[in-house]
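Report on the following structure.
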2 protein chains.
Amino acid sequence: MTYDPKYENKLRESGLRPTKQRIKICEVLFNSTETFHFTIKDLVKIIENQANIKVSLATVYNTVHAFNKKGYLKEIPINSSQSYYDTNISHHHHFFDEDENKLIDIDQNDVDEVMIKKTIPGKKIKSIEVIAKIVTDN
Amino acid sequence: MTYDPKYENKLRESGLRPTKQRIKICEVLFNSTETFHFTIKDLVKIIENQANIKVSLATVYNTVHAFNKKGYLKEIPINSSQSYYDTNISHHHHFFDEDENKLIDIDQNDVDEVMIKKTIPGKKIKSIEVIAKIVTDN
DNA sequence: TCAACAGATTAGAATGATTTTAATGTATGT
DNA sequence: ACATACATTAAAATCATTCTAATCTGTTGA
């Protein structure tokens with residue numbers, strides 16, 4: 001079977017075979033150029049509503065994990081019972097709206113580059129994330 | 001019953017009555033001037049090893065939550081199945097060592113102040129956290 | 001093309017952190 | 001010392017995530 005090569009490549013490069021279920025996941029995640037912040041539950045709900053096929057939770061989890069590992073998705077560090085992912089993998093940061101439990105992008109240009117002077121012997125910095133928690137301003 | 005006023009105040013200001021169990025939790029958390037990064041499981045383990053009294057999980061959770069809410073503890077935003085807390089509530093940031101699942105403080109002076117230009121109408125920034133993930137440097 | 005097999009899918013079970021419950025105990029103001 | 005509001009507790013419930021093991025499918029080489 002052949003699939004949209006756009007998605008097929010992403011999958012193969014993430015170490016996954018293209019299958020109906022995974023292509024469907026790709027369609028939801030990568031169809032639009034817009035940033036998309038989601039939890040696994042969100043993703044499953046969207047697939048259920050759109051799709052003619054059923055995708056099991058296990059498949060959603062392992063596909064998202066593979067994309068995250070490969071760097072096609074980014075997991076956002078926030079304290080929440082669920083993991084949040086972002087389809088915008090460019091270097092940028094986030095507001096986390098604590099009233100609504102919602103992430104909002106902060107463009108790279110809206111934050112001066114974070115310079116960390118401290119170093120740890122034998123370790124290198126893999127990523128730097130800025131999370132600004134916001135609440136209603138009264 | 002009367003207790004060490006140092007801990008009694010912290011508890012009362014967090015909206016909690018001082019009790020044997022909560023004082024014990026305070027002793028573990030606030031005895032030292034040193035920074036202490038911990039999970040609930042860590043805390044329970046330390047109490048079990050040190051204490052002559054038993055403290056239930058529920059009590060540990062609700063006491064830690066009250067301190068966090070009041071600001072005597074800070075929850076650190078990282079992606080982990082468990083929540084991490086820090087007894088160092090001064091303005092500072094963190095490395096998260098992904099090899100060892102361990103937090104390391106980064107002093108405020110080791111990071112230039114993070115300035116965010118973007119604003120969200122009706123919202124104010126409550127906190128800004130920088131998390132730098134580190135891994136073994138090969 | 002097609003058999004064989006490595007990898008994928010699935011429902012459901014297992015895990016593990018956290019929260020809730022409901023019965024019993026205790027600090028505190030009067 | 002009493003009444004009562006708040007605490008404590010063990011155990012159950014919840015919920016995201018991971019694992020399992022049976023079944024299925026994409027892929028490769030003959």
### Summary
In whole percents, the bins of 10 Å from zero upward hold the Cα-Cα pairs of chain B as 10, 36, 32, 17, 5, 0
### Footprinting exposure proxy for B:ARG12, A:ARG22, A:ARG17 (fewest neighbouring C-beta atoms within 10 Å first)
A:ARG17, B:ARG12, A:ARG22
### Query
Shortest first and in nm to one decimal, what separations exist between A:PHE30 and its copies in the other chains, measuring from label points 7 Å along the Cα-to-beta-carbon line?
5.2
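In whole angstrom, how long is each semi-axis of the equivalent ellipsoid of the protein assembly as shown, when you take the square root of 5 times every eigenvalue of its Cα gyration tensor and sort them from largest down?
On the way: eigenvalues 300, 97, 74 Å².
Each semi-axis is the square root of five times an eigenvalue, giving 39, 22, 19 Å.
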### Task
Note the angle between two axes, namely the Cα long axis of helix B:20-30 and the longest principal axis of the Cα atoms of chain B, as a number of degrees from 0 to 90, rounded to the nearest 10.
40 degrees
### Query
For the cross-link pairs A:LYS133/B:LYS118; A:LYS123/B:LYS118; A:LYS118/B:LYS6; B:LYS24/B:LYS69; B:LYS41/B:LYS70; B:LYS10/B:LYS124, which exceed 23 Å when the distance is taken from alpha carbon to alpha carbon?
A:LYS123/B:LYS118; A:LYS118/B:LYS6; B:LYS10/B:LYS124
### Message
Given axes a ≥ b ≥ c from the Cα gyration tensor, I'd like to know whether region A:67-111 is rounded (a/c under 1.5), prolate (a/b larger than b/c) or oblate.
### Response
oblate
### In degrees, nearest ten, helix B:40-50 long axis to first principal axis of chain B (Cα)
40 degrees
### Query
So what's the back-of-envelope 222 nm ellipticity for the protein assembly as shown, counting only DSSP H runs of four-plus at -39500 (n - 2.57) apiece and dividing by all residues, rounded to 500?
-10000 deg cm²/dmol
### Task
List the distances, in nm and shortest first, from the label point of B:ASP42 to the matching label points in every other copy, placing each point 7 Å from Cα along the Cα-to-Cβ direction.
3.0
### Message
Between A:TYR61, A:TYR84, A:TYR72, where does the largest GNM mean-square fluctuation fall for chain A, given springs only between Cα atoms within less than 10 Å?
### Response
A:TYR61
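Net charge near A:THR35, counting Lys/Arg +1 and Asp/Glu -1 over other residues with Cβ under 9 Å of its Cβ? Kindly include the intermediate steps, with their values, before the conclusion.
Working: positive: none; negative: A:GLU34, A:ASP86, A:ASP105.
That works out to -3.
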### Task
Taking a label point 7 Å out from Cα toward Cβ, give me the nm distances from B:ASN62 to the same spot in the other copies, shortest first, one decimal.
4.3
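Quick one: dipole size for chain B, taken about the Cα centre, charges +1 on Lys/Arg Cβ and -1 on Asp/Glu Cβ, in debye to the nearest 20.
Working: 20 positive and 20 negative charges, 226 e Å.
It comes to approximately 1080 debye.
Computed from the coordinates by the stated procedures, all read-outs in this text should not be read as laboratory data. Every value quoted in this text rests on a predicted model; they were computed, and no experiment measured them. As a convention, Cβ positions derive from the backbone with ideal geometry for all residues, glycine included, and neighbour counts pool all protein chains shown.
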